[in-house]
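> Structure incoming, see below.
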Amino acid sequence: MSDPKEVTARIARDVIATVESDLPKLGAIDENRASEPRAPGKWSRKQVIGHLIDSAFNNQQRFVRAQLGPSLTFPGYTQDAWVAAQAYQERSWADILTLWAEVNRHLAHVIAHIEPRALVTPCTIGEGAPVTLRFVAEDYVRHLHHHLSQVLSPEAAAGKTHLPYA
């Protein structure tokens, strides 16, 4: 089994590397293109990144709360309702990107400081089966990469779900 501190350090480095690599690419997308739905009935790029902001906020709560007790039971969230309620479509692309980058930088810091003993804390999210906090952290990165590929390489991402986390 890998050293728990190395596990959290690796996950945190991946989040930071993703932000540093993809923020310039995202910034190269203009406001009009960011506002267009990716396909009929699909979210715009603004809404996808808004969803990633929601995911970061939800996961920040999970990462902290799972360290404070023997287990975590946390509600799921209705992603479409969250995106709509926060009106990401009405925000500027620059503001959305700034928030996304800063929230993820903070989340990487939180991940890097997860107590090693907490990585095995059982977490039940919504109606899902219990998983470890380590799985939740690694799945956050899978989810992040999946949605960024929808924004940056939509043709390559079409029809794909979360990819395995290395």
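> Do you know which of the residues in the stretch 127-156 that are β-branched (Val, Ile, Thr) and part of a helix (DSSP H, G or I) is farthest from ASP22 (Cα to Cα)?
Looking at the filtered set, the residue picked out is VAL136.
> Taking the stretch 41-74, which residues are of a type in the set (S, T, N, Q) and either closer than 18 Å to LEU26 by Cα or within 18 Å of the chain's Cα centre (by Cα) (or both)?
Within the stretch 41-74, SER44, GLN47, SER55, ASN58, ASN59, GLN60, GLN61 qualify.
> Let me ask something else. How many of the residues making up the stretch 39-60 are outside any helix (DSSP H, G or I) and buried (at least 17 other Cβ atoms within 10 Å of the Cβ)?
Number satisfying all stated conditions: 2.
> In this structure, does ALA129 turn out to be over 13 Å from the mean Cα position of the chain (by Cα), among the small types (Gly, Ala, Ser), buried (at least 17 other Cβ atoms within 10 Å of the Cβ) and under 20 Å from PHE74 (Cβ atoms)?
No.
> Collect the residues in the stretch 1-38 that are over 24 Å from GLU138 (Cβ atoms), in a helix (DSSP H, G or I) and touching a residue at least 12 places away in the same chain (Cβ under 8 Å), keeping them in residue-number order.
Once the filter is applied, which keeps residues that are over 24 Å from GLU138 (Cβ atoms), in a helix (DSSP H, G or I) and touching a residue at least 12 places away in the same chain (Cβ under 8 Å), the stretch 1-38 yields GLY27, GLU31, ARG33, ALA34, SER35.
> Oh, and also: Please work out which residue is surrounded by the most Cβ atoms within 10 Å (Cβ to Cβ), limiting yourself to the stretch 141-166 and to residues that are modelled with pLDDT under 70 and within 13 Å of LYS42 (Cα to Cα).
ALA158
> Which condition breaks for TYR77 when tested against (1) within 15 Å of the chain's Cα centre (by Cα); (2) over 19 Å from GLY128 (Cα atoms); (3) in a loop (DSSP other than H, G, I, E, B); (4) not basic (Lys, Arg)?
(2)
The values are calculated or read from the model by the stated rules, or taken from the named source; none is laboratory data. Note that the structure is a prediction, hence the values are computed from the model and not measured. Here Cβ is always computed from backbone atoms with ideal geometry, including for glycine, and neighbour counts include all displayed protein chains.
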